[in-house]
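As structure tokens, the structure follows; a few thoughts come after it.
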């Protein structure tokens with residue numbers, strides 16, 4: 001597969017806005033490893049090789065285990081995740097596939113059990129941000145370094 005364009009060079013202002021959003025998300029107080037799991041799961045769903053590579057690498061650097069990283073794709077059947085992580089992963093899937101899921105009440109209830117109101121909003125923003133990044137990377141065929 002060949003890269004379609006370098007979106008960083010094509011519209012520096014758009015990417016500057018995305019980088020500002022990403023910097024804001026990182027300062028909202030959600031645990032960095034939780035955000036890595038969310039970003040990894042959304043990127044898996046969206047088929048974004050660039051972002052799967054980036055976020056699994058980031059998670060490893062923060063001390064995440066290989067076993068849990070492999071388990072993200074099958075987190076519902078895996079014993080490796082806390083209730084809080086499960087709620088975040090379910091919400092990630094619900095919002096990433098929102099046209100199909102319509103953000104089910106059961107996923108929202110699980111979210112409410114583990115996250116306060118502010119955290120729910122912050123997590124939703126983080127999920128939205130990674131989905132935008134995935135659309136840039138998949139749409140313009142960004143490739144991970146070989």
Notebook entry, point to check: Within region 106-127, is there a residue that is over 23 Å from residue 29 (Cβ atoms) and free of Cβ contacts under 8 Å to residues at least 40 places away in the same chain?
Noted result: yes
Check: Can we say residue 59 is modelled with pLDDT of 95 or more, outside any helix (DSSP H, G or I), out of contact with any strand residue (DSSP E or B) (no Cβ under 9 Å at 6 or more places or on another chain) and surrounded by 16 or more Cβ atoms within 10 Å (Cβ to Cβ)?
Finding: no
Notebook entry, point to check: If residue 18 passes every condition in (1) surrounded by fewer than 20 Cβ atoms within 10 Å (Cβ to Cβ); (2) closer than 23 Å to residue 146 by Cβ; (3) under 15 Å from the mean Cα position of the chain (by Cα) but one, which one does it miss?
Noted result: (2)
Next item on the list: State which residue is surrounded by the fewest Cβ atoms within 10 Å (Cβ to Cβ) when the search covers only region 37-53 and only residues that are more than 11 Å from the chain's Cα centre (by Cα) and in a helix (DSSP H, G or I).
Entry: 53
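The values are calculated or read from the model by the stated rules, or taken from the named source; none is laboratory data. Owing to the predicted nature of the structure, the values given are computational and were not obtained by experimental measurement. Every residue, glycine as well, gets a Cβ built from its backbone with ideal geometry; the counts of neighbours run over all protein chains shown.
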